[in-house]
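One structure below.
The values are calculated or read from the model by the stated rules, or taken from the named source; none is laboratory data. It should be emphasised that the depicted structure is a prediction, and the values quoted were computed from it without experimental measurement. Cβ sites come from the backbone with ideal geometry, for glycine too, and all protein chains shown count toward neighbours.
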Amino acid sequence: MTTDPKWWKPEHNSTWDRIKSAMKRDWEQTKADLSSKGKELNQDAGDTVKQAAGTQPIPSANQPNPEEWDRVESKYRYGVGAREQYGNEHKDWNDGLESKLKEEWQDLRDGTTWDEAKNFVRRGYERAKK
């Protein structure tokens, strides 16, 4: 179950829902590119961006491993929502933003440390650029 930060609003869900499938495919492709554990989905960064923007349809998941995605989804989701919440103030990832997100993440108490979550949160934040 995902715990939301205090600032989370319904529109954050809308943004997350729009890009979640594209990021999930990107996650599977990254695993395939870096190890033998992922699936070759012929997915590149351009596909992910188009799918996240809604300009390219998202193909079937090709039987992704849900346990793997479930492990990272809340972190990506938090990053996407943080972009929606703080993107005007922080156009790019920076120390001030990271400090704020780290503090909020620790308040969420989801069972993972900021160090475990940070790279996924950052990737979600950066992929959700307006």
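If you go through the stretch 59-77 one residue at a time, do you hit one that is modelled with pLDDT of 70 or more and not in a helix (DSSP H, G or I)?
Within the stretch 59-77, the first condition is being modelled with pLDDT of 70 or more, and the residues that meet it are 69-77.
Adding the requirement that they be not in a helix (DSSP H, G or I) leaves none.
Checked against the condition, which is being modelled with pLDDT of 70 or more and not in a helix (DSSP H, G or I), the stretch 59-77 yields no hits at all.
State which residue is farthest from Pro5 (Cα to Cα) when the search covers only the stretch 84-122 and only residues that are touching a residue at least 60 places away in the same chain (Cβ under 8 Å) and part of a helix (DSSP H, G or I). Explain how you work it out, then say what you get.
We begin by selecting, within the stretch 84-122, every residue touching a residue at least 60 places away in the same chain (Cβ under 8 Å); these are 84-85, 104, 107-110.
With part of a helix (DSSP H, G or I) added as a condition, the list becomes 84-85, 104, 107-108.
Numbers: Glu84: 13, Gln85: 11, Glu104: 7, Asp107: 8, Leu108: 7 Å.
The qualifying residue farthest from Pro5 (Cα to Cα) is Glu84.
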